[in-house]
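Below you'll find the structure, written out as structure tokens, and then a few comments.
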Amino acid sequence: MSKSIFRIAGLIAVLTIISKFAGFLRDVFVAQAYGATSVSDAYFYAYQIPSLALILLGGLGGPFYTATVAVFSKIVTDVTQKPDETVKETFYQFVTITALVFGVLSVLVYIFSDTIIGLIISQGTPELIKIASMQLKIMSPMILIGGVIGIYYGVANVYREFFYTSLSPLMASITIIFALIFLPNDKYGLILAYSTLVGAVFQLILQLPACFRVGLFYRPSFSFSSNEMKQLGEILFPAMLGTTVGQINVYIDMFFTSGLEEGAWSAVSYGNKIFQFPVGVITTAFLVPLFPMFSSFVGQKDFSSLKEYFHKGLNSLWFLSFPVFALMAIFSYDAIKFLFERGAFDSDDTFLVSQALFFLSVSIIPYVARDAVTRVFYAFGDSKTPFLIAVLSIAVKSVMNFIFVRIFGVGGITLSTTIVTFFNMIMLGILIMPKINLEYAKFVKPLLKVSVSTFVMSVAGFMMRGAFLLGEESNLLIGIKLCVISIVCLGIFFVVSVLLKDESAYAFFKKVKARFCRG
């Protein structure tokens with residue numbers, strides 16, 4: 001893989017880590033202020049619909065970003081030059097129609113918030129439904145922001161502007177943190193809702209400098225019949241449906257969770273946020289720069305390069321994901337105790353969240369593979385197949401929740417998520433074969449090596465946890481021990497990987513060795 005891709009991946013990883021770390025601090029402040037209570041439950045329930053637009057539809061890897069990259073990477077002939085009229089007009093048209101449609105949706109959600117929340121959490125108490133509805137009204141404008149911001153993300157990345165797109169989530173987290181520090185908490189959590197909305201506005205504003213720098217200044221355009229708009233629609237609508245259908249799985253989780261103990265949905269949400277920290281860093285760092293390349297290779301019919309970059313990219317993703325899975329599974333309780341157990345967040349909350357995270361941790365393995373294969377589908381202009389798989393996953397998710405929630409409670413929710421992720425990965429991996437043979441046999445040897453390294457690391461991790469994490473210590477001491485043990489575990493993983501001559505580990509080792517010897 002070219003050095004430029006690794007440099008870009010490194011930059012994106014650093015910026016994403018900063019944003020994710022700020023997100024962790026935000027969650028710590030939210031947990032300290034509200035714990036796992038009906039107020040935090042209401043916020044996380046209400047946030048699902050705005051987040052569908054802002055993160056899933058408009059975020060990096062979402063349908064608007066995907067459609068923008070897939071189409072603009074073909075009509076932008078030279079990223080070092082100012083955009084021509086075709087690029088400008090397509091940008092104007094896409095932003096205009098998105099703002100109109102999502103603006104109407106924002107108004108409808110505001111008007112019918114009571115009905116929407118009542119449907120989502122039908123088993124919730126009247127007080128919970130009331131609070132969640134109030135918060136949803138406040139956050140409804142985020143639906144408009146979500147669609148538009150995805151277009152700005154995509155255009156910026158096509159022009160190799162990665163800085164602001166990777167850093168913008170930081171603004172949302174900082175806004176919420178400042179609000180919780182300097183504004184008094186209210187019993188309905190409205191401060192959370194208002195600060196979340198303001199943070200989304202700042203995210204959009206932060207995208208403007210990159211687009212201004214490349215020469216794109218928005219003006220309304222109401223001509224939507226161009227060939228480029230048709231191409232955008234062909235990718236966008238199935239991808240939107242797929243994402244929306246995928247979100248139905250979240251609503252299914254919310255339905256099953258609303259019948260569990262107080263704080264159950266907050267526990268699932270906190271567990272997912274912890275899970276998304278490393279997953280977001282890993283997938284964003286590699287797939288953001290790789291996706292435009294996949295699209296370019298398909299346009300040039302250079303399928304050998306596509307397979308080469310896919311193999312190297314997924315091997316790198318798995319090399320990073322396996323040790324992360326092991327660390328999350330082994331140290332889930334200790335990590336949550338260190339991160340959140342203070343203020344209103346007590347030991348019972350820690351146990352709930354650790355249950356959710358434990359069962360979710362293994363899904364990182366199919367998660368990164370599913371996302372990589374999905375980018376190949378999008379590079380071929382096919383967003384219908386991922387959509388159909390997402391539809392099938394609804395039935396799988398419903399059945400898995402019905403079975404496992406009765407057995408494991410909160411853990412059953414995230415266990416079913418893991419099973420669905422494996423299902424999606426397998427189905428997408430099979431259905432891509434008529435388009436291109438990705439030669440999965442080549443993954444067997446690297447997977448065996450990384451599995452052995454992870455097993456050795458896990459054994460060492462369990463032993464060190466039993467010896468050094470006694471459970472009755474201060475959070476600070478737990479945090480220090482966790483950091484030291486994690487570093488030792490990762491060191492063991494890397495050494496074993498080098499001894500096994502894993503491609504990713506060995507390449508990094510040789511590079512460091514050469515630089516050290518040269519110095």
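The values are calculated or read from the model by the stated rules, or taken from the named source; none is laboratory data. Everything numeric here is computed off the predicted structure, so don't read it as measured data. When we count neighbours, we look across all protein chains shown, and the Cβ atoms used for this are built from the backbone with ideal geometry, even at glycine.
Of all residues in the range 185-228, count the ones that are within 18 Å of Phe162 (Cβ to Cβ) and crowded, with 17+ Cβ neighbours inside 10 Å.
8
Is it fair to say Gln135 is of a type outside the set (D, E, K, R) and at pLDDT below 90?
no
Only one of (1) under 16 Å from Gln203 (Cα atoms); (2) surrounded by 20 or more Cβ atoms within 10 Å (Cβ to Cβ); (3) over 13 Å from the mean Cα position of the chain (by Cα) fails for Ile18. Which number is that?
(2)
Would you pick out the residues in the range 47-63 that are more than 9 Å from the chain's Cα centre (by Cα) and of a type in the set (A, V, I, L, M, F, W, C)?
Ile49, Leu52, Ala53, Leu54, Leu57
Can you pull out the residues in the range 388-403 that are of a type outside the set (D, E, K, R) and buried (at least 20 other Cβ atoms within 10 Å of the Cβ)?
Ile389, Ala390, Ser393, Met400, Asn401
Among the listed residues Ile436, Ile492, Ile430, Ile485, which satisfies the condition of being surrounded by 13 or more Cβ atoms within 10 Å (Cβ to Cβ) and either of a type outside the set (A, V, I, L, M) or without any contact (Cβ under 8 Å) to a residue 40 or more places away in the chain (or both)?
That would be Ile492, the only listed residue that is surrounded by 13 or more Cβ atoms within 10 Å (Cβ to Cβ) and either of a type outside the set (A, V, I, L, M) or without any contact (Cβ under 8 Å) to a residue 40 or more places away in the chain (or both).
Restricting the search to the range 63-93, which residues are among the basic types (Lys, Arg), surrounded by 15 or more Cβ atoms within 10 Å (Cβ to Cβ) and either in contact with an Asp or Glu (Cβ under 7 Å, 6 or more places away or on another chain) or closer than 19 Å to Arg213 by Cβ (or both)?
Filtering the range 63-93 for residues among the basic types (Lys, Arg) gives 74, 82, 88.
From what's left, surrounded by 15 or more Cβ atoms within 10 Å (Cβ to Cβ): 74, 88.
Answer for the range 63-93, where residues must be among the basic types (Lys, Arg), surrounded by 15 or more Cβ atoms within 10 Å (Cβ to Cβ) and either in contact with an Asp or Glu (Cβ under 7 Å, 6 or more places away or on another chain) or closer than 19 Å to Arg213 by Cβ (or both): just Lys88.
Assess whether Val71 counts as being of a type in the set (A, V, I, L, M, F, W, C), out of contact with any Phe, Trp or Tyr (no Cβ under 7 Å at 6 or more places or on another chain) and either free of Cβ contacts under 8 Å to residues at least 40 places away in the same chain or part of a loop (DSSP other than H, G, I, E, B) (or both). Step through it out loud before you land on a result.
Working: of a type in the set (A, V, I, L, M, F, W, C): yes; out of contact with any Phe, Trp or Tyr (no Cβ under 7 Å at 6 or more places or on another chain): yes; either free of Cβ contacts under 8 Å to residues at least 40 places away in the same chain or part of a loop (DSSP other than H, G, I, E, B) (or both): no.
No.
Working carefully through the options Thr196, Thr175, find the one that is on the phi < 0 side of the Ramachandran plot, touching a Gly at 6+ places or on another chain (Cβ under 7 Å) and modelled with pLDDT of 90 or more.
Of Thr196, Thr175, the one residue that is on the phi < 0 side of the Ramachandran plot, touching a Gly at 6+ places or on another chain (Cβ under 7 Å) and modelled with pLDDT of 90 or more is Thr175.
Would you call Val420 in contact with a Lys or Arg (Cβ under 9 Å, 6 or more places away or on another chain) and either among the aromatic types (Phe, Trp, Tyr) or modelled with pLDDT of 90 or more (or both)?
Values: in contact with a Lys or Arg (Cβ under 9 Å, 6 or more places away or on another chain): yes; either among the aromatic types (Phe, Trp, Tyr) or modelled with pLDDT of 90 or more (or both): yes.
Criteria met by Val420.
Looking at Met171, Met139, which one is under 28 Å from Ile18 (Cα atoms) and touching a Pro at 6+ places or on another chain (Cβ under 9 Å)? Break it down stepwise before answering.
Details: Met171 fails: touching a Pro at 6+ places or on another chain (Cβ under 9 Å).
The match here is Met139.
Does Phe24 satisfy being without any contact (Cβ under 8 Å) to a residue 40 or more places away in the chain and surrounded by fewer than 24 Cβ atoms within 10 Å (Cβ to Cβ)?
no
Just checking, which of Ile413, Ile389, Ile364 is in contact with an Asp or Glu (Cβ under 8 Å, 6 or more places away or on another chain), touching a residue at least 24 places away in the same chain (Cβ under 8 Å) and either within 19 Å of Ser332 (Cβ to Cβ) or β-branched (Val, Ile, Thr) (or both)?
The conditions single out Ile413.
Determine, yes or no, whether Ser304 is modelled with pLDDT of 90 or more, more than 20 Å from the chain's Cα centre (by Cα) and of a type in the set (S, T, N, Q).
Working: modelled with pLDDT of 90 or more: yes; more than 20 Å from the chain's Cα centre (by Cα): yes; of a type in the set (S, T, N, Q): yes.
Here the answer is yes, as Ser304 does meet what is asked.
Determine, yes or no, whether Phe404 is farther than 26 Å from Pro289 by Cβ, in contact with a helix residue (DSSP H, G or I) (Cβ under 7 Å, 6 or more places away or on another chain) and in contact (Cβ under 8 Å) with a residue 12 or more places away in the chain.
So Phe404 fits the description; yes.
Got a sec? Which of Ala46, Ala9 is at pLDDT below 80 and assigned to a helix (DSSP H, G or I)?
The unique qualifying residue is Ala9.
Among the residues of the range 408-426, is any surrounded by fewer than 17 Cβ atoms within 10 Å (Cβ to Cβ), under 26 Å from the mean Cα position of the chain (by Cα) and either charged (D, E, K, R) or under 29 Å from Lys501 (Cβ atoms) (or both)? Please lay out each step first, then the result.
Start the filter on the range 408-426 by keeping residues that are surrounded by fewer than 17 Cβ atoms within 10 Å (Cβ to Cβ), which leaves 426.
Checking the rest, the ones that are also under 26 Å from the mean Cα position of the chain (by Cα) come to 426.
Now narrow it down to the ones that are either charged (D, E, K, R) or under 29 Å from Lys501 (Cβ atoms) (or both): 426.
So far as the range 408-426 goes, yes, one or more of its residues are surrounded by fewer than 17 Cβ atoms within 10 Å (Cβ to Cβ), under 26 Å from the mean Cα position of the chain (by Cα) and either charged (D, E, K, R) or under 29 Å from Lys501 (Cβ atoms) (or both).
Only one of these is closer than 23 Å to Val353 by Cα and among the polar types (S, T, N, Q): Ser453, Ser504, Ser497, Ser416. Name it.
Of Ser453, Ser504, Ser497, Ser416, the one residue that is closer than 23 Å to Val353 by Cα and among the polar types (S, T, N, Q) is Ser416.
Contact list please: Cβ distance under 8 Å, first residue in the range 256-276 and farther than 17 Å from Gln123 by Cβ, second residue outside any helix (DSSP H, G or I) and of a type in the set (Ser, Thr, Tyr), pairs at least six apart or on different chains.
Phe275/Ser363
Mind checking which pairs have a first residue in the range 295-321 that is closer than 16 Å to Lys449 by Cα and a second that is part of a loop (DSSP other than H, G, I, E, B) and not charged (D, E, K, R), Cβ under 6 Å, 6 or more apart or different chains?
Lys312/Met1
Taking Val30, is it in contact (Cβ under 8 Å) with a residue 60 or more places away in the chain, in a helix (DSSP H, G or I), under 20 Å from Leu192 (Cβ atoms) and within 23 Å of the chain's Cα centre (by Cα)?
yes
What are the residues in the range 470-504 that are among the acidic types (Asp, Glu) and over 14 Å from Val450 (Cα atoms), if any?
Selection gives Glu472, Glu473.
Sort out which residues of the range 439-469 are without any contact (Cβ under 8 Å) to a residue 40 or more places away in the chain and not β-branched (Val, Ile, Thr), and write them in order of number. Break it down into steps so the answer makes sense when it comes.
Initial filter on the range 439-469 (without any contact (Cβ under 8 Å) to a residue 40 or more places away in the chain): 440-441, 444-445, 448, 455, 459-460, 463-464, 466-468.
Passing the criteria: Tyr440, Ala441, Lys445, Leu448, Phe455, Ala460, Met463, Met464, Gly466, Ala467, Phe468.
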